[in-house]
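Data block below; observations after.
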Amino acid sequence: MILCCGEALIDMIPMTGADGVRGFQPLAGGAVFNTAIALGRLEKSAGFFFGLSTDLFGQQLKATLESSKVDHSLCVSSDRPTTLAFVELTDGQASYTFYDEMSAGRMLTAERLPSIPADVSALFFGGISLINEPCAETLAYLQRREARDRVIMLDPNIRTGFISDTKTYRKRINAMIELSDIVKVSDEDLSWLVPGEGTLDHKCRMLQRMGPSLIVLTRGGDEVTALMSDGERISVKPKRVKVVDTVGAGDTFNAGLLAKLSDLGVLTKPGIAEIDAALLKAALTFGTEVAAITVSRSGADAPWLHELSKRAKS
């Protein structure tokens, strides 16, 4: 099983009714949650762990996980509220305003951490759940506890407007990078993590020297590049599609990458450290194909495996 650990929230997506009145549609989301959903729809054994509310939005999150065949049995339930993220779309690009104070996820503490089942081969971390305490430090502790025996993938998905204590956050993220096998960053993430002069390639190499076997760099709809442990660079150009919005694009890419690495039998610590360039290119390509479907429709609506099969035949 691939266990996705971190944020689950309700994205309040802007919509306009038939009467022209602007409103919001509540959709289950969150970066880590979206990755879990996409893995389930790709027919991988997927699990999700975080603090979930017993409120109506929490019930919506659980129902969405179940409908996409994602195990949420490890989640911690409480009567605290669900995090809300109001989305604003500008030319298909999403920006967010979060309401997260005292939420079920944010207040997750280390005392509530479960034992991780033996069949969990990889853990995925990322998103805003790594910013605010106590949940951020709880998840960092979980990573430290499990990193010796399981593959760790990290996508910090940095939201600068949500960070109130930059020094503490940067220290936590750097420590998590050191313990990760795979780190996926956008070009914007990379510029924040490694500030100052230098090419993107140079900054990726600086990140890799911290510990990860693979650094994967995405640049919106442009080329995706991975830096391998032996220094080789592998690049893939995504197919061009008509973009409806970018909500969940990176999250779906993460799921596609993990799913293909699992299918290829290399989602192990030695497998990632010694991965063949051709296998890595296949995994990157699959990630871009999955993400391309997501951006071609509204919301973080990850594709099902049969949709990919149908497109491959057409």
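Values as computed for the structure displayed
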{"quantity": "Residue in segment 14-31 that is buried (at least 20 other Cβ atoms within 10 Å of the Cβ), over 18 Å from I158 (Cβ atoms) and within 12 Å of the chain's Cα centre (by Cα) present", "calculated": "no"}
{"quantity": "When residues of segment 94-112 are limited to those that are among the polar types (S, T, N, Q) and modelled with pLDDT under 95, the one nearest to I163 (Cα to Cα)", "calculated": "T97"}
{"quantity": "Wholly enclosed helices (runs of 4 or more DSSP H) of segment 240-309 bearing at least 3 residues among the β-branched types (V, I, T)", "calculated": "277-295"}
{"quantity": "Given (1) modelled with pLDDT of 95 or more; (2) touching a Gly at 6+ places or on another chain (Cβ under 9 Å); (3) charged (D, E, K, R), index of the condition D263 fails", "calculated": "(2)"}
{"quantity": "Residue ID - surrounded by the most Cβ atoms within 10 Å (Cβ to Cβ), chosen from residues in segment 183-206 that are in contact with a strand residue (DSSP E or B) (Cβ under 8 Å, 6 or more places away or on another chain) and of a type in the set (K, R)", "calculated": "K184"}
{"quantity": "Test set (1) in a helix (DSSP H, G or I); (2) among the hydroxyl-bearing types (S, T, Y); (3) farther than 24 Å from G47 by Cα - S229 fails condition number", "calculated": "(1)"}
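The values are calculated or read from the model by the stated rules, or taken from the named source; none is laboratory data. Everything quoted here is computed from the prediction, not taken from an experiment. Positions of Cβ are backbone-derived with ideal geometry, glycine not excepted, and every protein chain shown enters the neighbour counts.
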